[in-house]
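Q: Input: one structure, supplied below.
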Amino acid sequence: MVGIDEIRVAQERIAPYVVRTPTVPATALAAHCGAAVTYKLETLQHTGSFKLRGATNALVSLLERGSSNGVVAVSTGNHGRAVSAAAQRLNLRAVICVSRLVPAIKTQAIRGLGAEVHDDSATFDDAAAQAAAIARRDGLTLIDPFDDADVVAGQGTLGLEIMADAGATAPRTLIVPLSGGGLIGGVGAAVKQHCRDTRLIGVSMERGPAMVMSQQAGHPVDVVEEPTLADSLSGGIGLANKLTFNLVRDLVDDMVLVSETEIAAAMAFACRAEGLVVEGGAAVGIAALLSGRVTLDAGPACVVLSGRNVAPDRLAAILESAAA
Ligand SMILES: *Cc1c(COP(=O)(O)O)cnc(C)c1O
């Protein structure tokens, strides 16, 4: 399992490689909600998403264990970019498998970091099978995007920072984008250690919410992958999921789904009202509050903005179509 000790070790291990991102007042969203709200601005992270934390923790601990053949990863884009950046920094070979649904801006960024990219799979699950085959063939270590203790511990460092920034006023509600559950699992492990009363809410998109459907079924299930503005949240959780299914079951208080229209409105709100570029998968927390699917009662709330990797043209089209 992943506990506070592993997360503290991760924090020290990755400190030289990652940005210690700030928590800032969410001025416009707070006004909309009539409550105190902050953003954890992980949009400022190197590579444009929090995934660098888990990837760096996994790669550095791999090197500590003496393995150096190189790594392979399957990704909806951001994990691949993070693994590639960490591998470049640590002088490791990186192979990244993505599906054709991954936006070109993300695939290009991965190539730009010197990784070998395979992008001919139809779905995330096909890309995962390809990555596993390459790992066997070339003797590389597979770095799972979420179902890996080092990755979860790395993502949990974000939770330690939220609690440190909050000081005596720990968030009463913490809203976190949810896909495979590495982020919310790590953050939950860190946060619940400090404050049991914090209500932890995971938000996924209506189109293919694999973890939410799995929790409802009581075991990991396959979902049909559909195109969504929240591209970084798509993909399955793995039928053989060994870690994050249980973490989400044990730590998450509520799970909420948001629609494509609500995600678009949230991205537009972030840009127009807050001056922030937020990708679809990272805007779901704002979407949950703007739409009223999550309401805030007592105490402050914190919304994790997990990444910024959206193509400018796509954001421009969303700004044009979403209601002001
Ligand atoms: C991967 C990702 C998530 C979801 O993280 P999980 O650990 O898979 O739940 C959320 N936001 C962004 C920007 C991501 O890249």
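Q: Out of Ser121, Thr56, Leu101, whose Cα points farthest toward the positive end of the dipole of the chain (charges: +1 Lys, Arg; -1 Asp, Glu; placed on Cβ)?
A: It is Thr56.
Q: State, to one decimal in nm, how far the label point of Arg272 lies from the label point of Glu12, with both points 7 Å from Cα in the Cβ direction.
A: If labels sit at Arg272 and Glu12, their model points lie 4.9 nm apart.
Q: Using 1/(1 + (r/R0)^6) with R0 = 51 angstrom and r between the beta carbons of Asn91 and Ala168, what's the FRET efficiency to the nearest 0.05?
A: 0.75
Q: How long is the gain from Ser321 to Arg196 if the chain were fully straight, where each residue apart is worth 0.36 nm and the alpha carbon distance is subtracted?
A: 40.9 nm
Q: Could you state the number of Å between the C-alpha centres of the stretch 61-102 and the stretch 282-324?
A: With the stretch 282-324 and the stretch 61-102 each reduced to a Cα centre, they are spaced 29 Å.
Q: Taking a label point 7 Å from the Cα of Asp250 along the Cα→Cβ vector, which residues of the stretch 1-17 have an amide N closer than 11 Å to it?
A: It comes to 1-4, nothing else.
Q: Between the helical axis of 149-166 and the dominant principal axis of the chain, each derived from Cα atoms, what acute angle in degrees is found, rounded to the nearest 10?
A: Tilt of helix 149-166: around 30 degrees.
Q: Continuing with the same structure: Just want the ordering: Tyr39, Tyr17, from fewest to most Cβ atoms lying within 10 Å of their own Cβ.
A: Fewest to most other Cβ atoms nearby, the residues stand as Tyr17, Tyr39.
Q: Same structure again: Can you tell me which of Met255, Met267, Met213 moves the most in a GNM of the chain? Springs connect C-alpha atoms under 10 Å apart.
A: Top of the fluctuation ranking is Met213.
Q: If one computes the Cα centroid of the stretch 127-151 and of the stretch 212-263, what distance in Å separates the two points?
A: Result: 20 Å between the Cα centres.
Q: Tally Lys and Arg at +1 and Asp and Glu at -1 over the other residues with C-beta under 15 Å from the C-beta of Leu243: what net charge comes out?
A: -4
Every number in this text was worked out from the coordinates using simple rules, so none of it is lab data. Not measured: the values here are computed from a predicted model. Backbone-built Cβ (ideal geometry, glycine too); neighbour counts: all protein chains shown.
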